[in-house]
1. How far is it, in nm, from the label point at Glu111 to the one at Val98 when both lie 7 Å from their Cα along the line to the Cβ?
2. Rounded to the nearest 0.05, what FRET efficiency is calculated for Arg60 and Phe145 with R0 set to 22 Å and r the Cβ-Cβ distance?
3. Relative contact order for the chain: what percent, with Cα pairs under 8 Å and sequence separation of 6 or more?
4. For the stretch 58-138, what is the largest minus smallest coordinate of the Cα atoms on each principal axis, given in angstrom and ordered from greatest to least?
5. Name the lysines eligible as straight-distance cross-link partners of Lys51: C-alpha to C-alpha under 21 Å, and not fewer than 8 places from it in the same chain.
6. Within the chain, what's the longest run with no GluC sites (Glu not before Pro) in a DSSP loop and at most 11 other beta-carbon atoms within 10 Å? Give the range, please.
7. Can you give the calculated 222 nm mean residue ellipticity of the chain, where each DSSP H run of n ≥ 4 adds -39,500 (n - 2.57) and the sum is split over every residue, rounded to the nearest 500 deg cm²/dmol?
8. Taking the number of other C-beta atoms within 10 Å as the exposure measure, put Tyr57, Tyr129 in order starting with the fewest.
Amino acid sequence: MKGKMVLENKIAKILKPFGVKVAMYEQFLYSEGWVFFTPFEDPSIGEHHKKWIAENYGMRMNTGAYFLFSLLHEVGHHMTIKNMTEEDLDYETFCRNVLSCADGTPEEINEAYFNLPAEILATEWALAYMVNNPTWCKKAYGKMFKAIHHFANVNGWEV
């Protein structure tokens, strides 16, 4: 993909204040100081998560705001993991393993995933950051939006 490093660098600059490293990947996730992101998340996951956030926190987001929220959610893992005990982390790993092979509709699996303790901590951190830092979010959104559109354009994709 053309422009991958440029997009990674732009997102890294946006997230620099949080002390995380950044890389493009096939999904959003956090691992040991790294925030992985995708400009191509499965829309059904995003739509279900946006609906869940609206129902549980009363916040509605468009696609661009949700992308920023998704980045901040992964940063939220970085910022809140220190609040979890080893026992919490072991339980979280167990639950994730159970969910990875559970039967159920995608909505049921997502609902259970969104309610994992670490996911709730990261979600609440990200939402609080967005509410308490609207100026930063507006600037980050503008930079991010421009970078994603450039990335899509150099690859001949529509956004």
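Readers should treat all values here as calculations from the given coordinates under stated rules, not as data from a laboratory. The shown structure was predicted, so the numbers you read here are calculated from the model rather than taken from an experiment. No Cβ is skipped: glycine too gets one built from the backbone with ideal geometry, and neighbour counts run over all protein chains shown.
1. So the label points at Glu111 and Val98 sit 1.6 nm apart.
2. Rounded to the nearest 0.05, the efficiency is 0.75.
3. Reported as a whole number, the value is 28 percent.
4. That works out to 40, 31, 18 Å along the principal axes.
5. Filter leaves no residues.
6. 33-157
7. Taking each H run of at least 4 residues, the total per residue is -22000 deg cm²/dmol.
8. With the sparsest Cβ surroundings first, the list reads Tyr57, Tyr129.
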